[in-house]
Each structure stands twice: as C-alpha cells, then as structure tokens.
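What follows is a set of notes on a single structure, which appears directly below.
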Amino acid sequence: MKKRSLVIIVILISVRMTFLEGKNKVTEVKLKDRPSVTLAPGYYQGNRSPLLPGPLVKLPIGQIEIRGWLLSQLQLTRSGFVGHLPEISKFLKEDSGWLTLRGKGWEEMPYWLKGYGDLAYLLKDKEMIATARKWIEAILGSQQADGYFGPVDNREANDLWPNMEALLCLRSYYDFSHDRRVLDFMSRYFRFELNLPEEKFLPGSWQKLRGGENLDSVYWLYNHTGESWLLDLARKIYRRTADWASPILTPERDRQWEESSFYHGVNIAMGLKYPALYYQQTGEKQLLEAVERNYQQLMTSYGQQPGGMFAADENIRPGYNDPRQGAETCTMVEMMFTWETLLKITGETIAADRVEDIAFNSLPASMTPDLRGLHYLTAANLISCDRSGEHDFQNSGTLLSYDPWSYRCCQHNVAFGWPYLAEHLWLATSDQGVAAVIYAPSSVELKVGPRGQVVRLIEETSYPFSGKIIFTVASAEEVDFPLYLRLPGWAQTAFISINNEQPKEVKAPGKFAVLERRWKYGDQICLDLEESVQFKFWPGIGQAISLRRGPLWFSLEIKEIWEKYDGTESWPAWEVLPGSDWNYALVIDQDNLAENIRLIEKREVGYQPFSLENAPLILEARAMRCPGWVAEGKMVGRVPPSPPGVAGPEETVRLIPMGCARLRITCFPWARSGK
Ligand SMILES: [Zn+2]
C-alpha cells in the first residue's frame, strides 16, 4: 500500500473515532418511573393481547448466572436441608401420594419441588435435575382422562390447592427444558377446571384464599398458547377466589381474627397480589390501587418494624403489633414472590425495594448460617431462639429453635426464596432493553435492541454490603439498547459514570436511571449509591427507632450461645440463647442524627456473610441500659415508649446487619443525649 493512502486511512479512522467519542462523551441519564411499554416485538414471553403488556419481562432460567455471596446462598441451600430434604422429610418418601397417587400428598412436595427444581436449573446440577425430574414425571404421569392430576385423596377432598403449587414446578421445568408435554398437560388440566361446576370449584378453605396462584398459571399458559378459553377460566378463578380487593382489615374481621383466614400471615402475603394479577386482564386501575391500600393498611397496623415483614405469629392479631411478634418463614418467601410478581406488572422500583428488604434482612435470619436448619418465626426483636414455647405467640410449642426436622410447611416452602430472587435480578424491558432491578453479583445474557443482538452484562458488587456496582458490557458487535438501573428509595443520591466520563450526580430515589446509547465491548458503567445511615421512627410502637444503611437494617449484636438439643449428628436441632445484655436504649442527639452512629468496621464479604462472626459491616452507637425493659418468660418485653427510664453509665454498643444476627434488637427505645 502506498504511504499516501495509508495516511488517508489513518486520518479517516481517527476522524471516525473522534466522532464516536464526541458523540458518546457525556451520556445523558434519563429518569423514568418505569420502563416504557411499547409495541416493539419482545424477545421474551411477555403478556399476549388482550392481557396488558408488562413493562418488565422475566427471562428464561439460565440467562442469569449468579456469582459471589448470592451463589454461596444457592450452594448452601443445596448442601443444607433443602438439598437433602428427601432424606429428612416424611413427605418426600416413596410412599408419597405424588408418587403412588393413593397415598397422602398435599402441599409439602410441590412447595419443596418449586424451589429445589429452580435451584437445580440455576446451578446446572445434573444430579439435582434428575431428582427433580423424578417428581415432575410423576406429576405428568398422574393425569387422568378428564385432565385432573395429582393424589386421589386431594380429588376426593375436592382440594385443588396443592396442584396450584405443582403448576409452578411445571412452569419452571418447561422454562428449562421446553418439554412440550407441559403445555398440553396444563391445557387439559385447565379444561378440567373450566368444566367443574361453579359451586364445586374453589369452594372454601386455603384453595379459596389462594386461588390467585392458579390464576397466575392460567395467564402463563395463555401467553404460551393463546387459547382464548383460558381467559374465561381466569374470570371464573377470580370470581371464585376470596375477595382480596376490598380492605383487608375491617372491624368485623378484627372481632373474629382467630377464625378469619384473611388474617393468616401467609394468606395475606399471597393474597395481596391477586387484584394486580387480574388487573392484567381488566385494566382496572383500582385493582392496582387496592394492592397498595391493603399493603399500607397492613403495615401501618402490623408492620411497625424493619425487614419488610409484618407481625403475624400465625395470624395478625389486634393488639399484637410489637416487633417481638414474628413472621413465619413461609410468609417471608411468599411476600418476596408477591413483590417479584408486582415488579413485572407495574414496573415500579418500589417492588424491588420491598423484595430486597425481606431478602437481605429477614430471610437470612430464618435459617442457620449453614442453611442446615430453620425456624418457624423470625422477629425484629428476638432475644432467645429456644424450644421452650414460653412466648406470647398465637401457636403454642416450639417455634423459634433451629431445626431441619420441624416446621412442616416452612421447611418445604422456604426452598424457593433464594432461587426466585436470583431469577429476578435482571428483567427484559418492553422497549427491547434490560433492567438491573435487584442488585447482586451476577451476569446476564439476553437479546436486545431492534435487531435482537445478544449482549452479556457482568455485574460486580458486594451489594447489599456496599452501594458500589460495576457493570461491564460484553457483546461481539456494537449494539443500541436502553439499560435501566434501579435507584432504590433509600438512595437520596447516586453517582453514575460510564468509562472515563465525569460521574453524574442523580437525586431521584425510586426512579430508574436509563442509559441509552451504542454500547460496545468493554464499556463500564459505575453506579455508586450513597449509603448514609438513616433513622426510622415507629409511631405505632412508642416512637421506637431503627437504623438502616443502604438496604440493610442494623441490630444490636448479642452474643449467641448455640446448644444442640435434638436431631441427628448430621442434622442437629439447635437452641440459640443470649450470652450478653440486650435491654439497651440508644442515646441520640436528635438535632444531629447522623453523628450518633459510626461505621467502625468494613470487612470483605465472605462465603457466608449472614452470620454473627462474618458480619461485613459493624456500626457503633451510644446506649444506656433500661432496667425496666425485661424478658417475659423467654420472650423479650414490648419496646417501652421513648424516652424510657435509663440507668448506669453510657456505653458503646455494636450493631450488625439484621440478617447476620440470630438474636437481635432492631427496634430500640431511645433517650436524648446529655439529658
Ligand atoms: Zn410455613
């Protein structure tokens, strides 16, 4: 090549590079409440018309790869009781009605399989996939001529509830395998439901309260097959399901809370979402409004505590809203699923905030750090996980000790907590982009942009223990698509930068930051969420105070004494008893709230950060003892109104993330500094 032409080519290349750099120099950060709903063809199965299109669409299992601390939760779920439940649970033996059809087989097997199967697919674990398959094949093989499936006992009891959970297992299996039999099977089963006389369909009990789970699977099948009669069935299910669109709390139900199934914690966590599910078919905005109204009503009365949960130590009980009343483990994972569902229907970031609140604060403490034992109730204030039953809960007996052998429903249902969360970190947007909605170390591969090019995004972070998240783009060719980043409600300020651009300050908590440009291999986006310590006062419990830093709430560090009391050598049951004082009031200067708390330690996030020993963040606060705040039996006393009576010298106490503490005080009384 002649020297002159070479010079011209070099000049042309550099002009083009300058042009591209110039064009991309400062990327505009747009702010949106939710991803735009467009009629552009989606690459993933969203809602089919006439169902309303959703702004966010779930990706098939396998598109998201989990890393870091979240991968260790999945691995620990596998090595813990969930992965070994057939060895432990009497409901997963060879005489299960799900295998024999004649024996007993209710909700337990599908509760477990819906989490275990997804865990197997996420970890790509061949042995687990084969175990899941054994139960899936039994379900598929159990279908009768009229479309009914599952244990005969349930049919005789006219109880479709356990099948609603089994359908979730089949959906994930189809997602993973594309086994066409699943669609035909579900279609025949839904014909059976359509043909049932109205009065025999969801006549009462749990199935009537939980019919929305069935509705969700009918929409799922409709989106896959487009059979229009499924929408008639959807109307029938909604009509026959208990009314969750009216206010949940009423004076009438208050008087009969013991009998009211509307006051059962797990039912509430599930039922909250049903009006929003049906909104997809009717488009009636008041159905969405009903969800938020009911949630606010519930949390104002019973959710006066951090960690995203409400006091329901079986049922919500008028007069029992102190943070010492626990939440059942089933309620936690169902509540997470409710917000994961709402996230896709509304596209609003607050749903992701609520998933994280539960997942990063309440859920980890419901199990031992090795995930080899669980308990029934977890409370924001909890000073003893013993087996005595000397507690003021609705149920009697052992509810707090950690035991892989007990707590029948939770023991099986908790399996889907971490796997479903993992599947909702990234969602496709209806405008052919992608949204990072729940933050955790991961990567995602999906089709984006007008031409459906495949892009891979890698997310590096120790979130929720740090607010800094780095995304790296890996794609074979340059590709235009919008990247949505959730700005959590707690993040007053965020900084966003791309490559070497000047970081842009964004003050828009609760919005999505949208970056739309031509992305190329190696582009890096840095999202830095400011995590200042924030204070929350709880007017419903005497103005008690809680502290948060980013997505994490903080609890008083209490020395834990672990004592084995039952079980086997491999699968022991544990009591966790307090080895240090707990009855502290925080001493705060109300005029300078931020100066009351110091971050004293920041450690690397280890394999299992959710334990007392490995807590990645430690705060320090000033406190004084409250001699009048004492245990009642083994149970922590109700939080005294602030300011309480305090005594003794001012001390310094350590606070650790709520999910790291098996014993904890998270709602504190407080006294004024210097007074
Ligand atoms: Zn349960």
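Listed values, structure above:
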{"quantity": "Single residue of region 388-405 satisfying the filter (open to solvent by 10 Å² or more (accessible area, probe 1.4 Å) and of a type in the set (Ser, Thr, Tyr)) that is nearest to the ligand (Cβ to nearest atom)", "calculated": "398"}
{"quantity": "Filtered residue count, region 470-492, keeping only those that are within 22 Å of residue 656 (Cα to Cα) and of a type in the set (A, V, I, L, M)", "calculated": "1"}
{"quantity": "Odd one out for residue 408 among (1) away from the ligand (no atom under 13 Å from the Cβ); (2) of a type outside the set (S, T, N, Q); (3) over 14 Å from residue 663 (Cα atoms)", "calculated": "(1)"}
{"quantity": "Hits in region 220-279 (condition: part of a helix (DSSP H, G or I), of a type in the set (D, E, K, R) and open to solvent by less than 20 Å² (accessible area, probe 1.4 Å))", "calculated": "236"}
{"quantity": "Residues of region 363-387 classified as within 14 Å of the ligand (Cβ to nearest atom) and surrounded by fewer than 24 Cβ atoms within 10 Å (Cβ to Cβ), total", "calculated": "1"}
{"quantity": "Filtered residue count, region 516-527, keeping only those that are crowded, with 18+ Cβ neighbours inside 10 Å and within 26 Å of the chain's Cα centre (by Cα)", "calculated": "2"}
{"quantity": "Residue in region 342-358 that is under 16 Å from residue 610 (Cα atoms) and more than 16 Å from the ligand (Cβ to nearest atom) present", "calculated": "yes"}
{"quantity": "Residue satisfying condition, being of a type in the set (Val, Ile, Thr) and surrounded by fewer than 22 Cβ atoms within 10 Å (Cβ to Cβ), within set 630, 636", "calculated": "630"}
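Each row is one residue, and each column tells you yes or no for (1) within 16 Å of the ligand (Cβ to nearest atom); (2) more than 17 Å from the chain's Cα centre (by Cα); (3) under 29 Å from residue 569 (Cα atoms).
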{"position": "312", "(1), (2), (3)": "yes, yes, no"}
{"position": "316", "(1), (2), (3)": "yes, yes, no"}
{"position": "329", "(1), (2), (3)": "yes, no, yes"}
{"position": "333", "(1), (2), (3)": "yes, no, yes"}
{"position": "337", "(1), (2), (3)": "yes, no, no"}
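The values are calculated or read from the model by the stated rules, or taken from the named source; none is laboratory data. All figures in this text were calculated on a predicted structure; none of them were measured in a lab. Heads up, the Cβs are rebuilt from the backbone with ideal geometry, glycines too, and the neighbour counts pull from every protein chain shown. Just the protein is used for accessible areas: all its heavy atoms, side chains included, with ligands, DNA and RNA removed. Shrake-Rupley method; radii C 1.70, N 1.55, O 1.52, S 1.80 Å.
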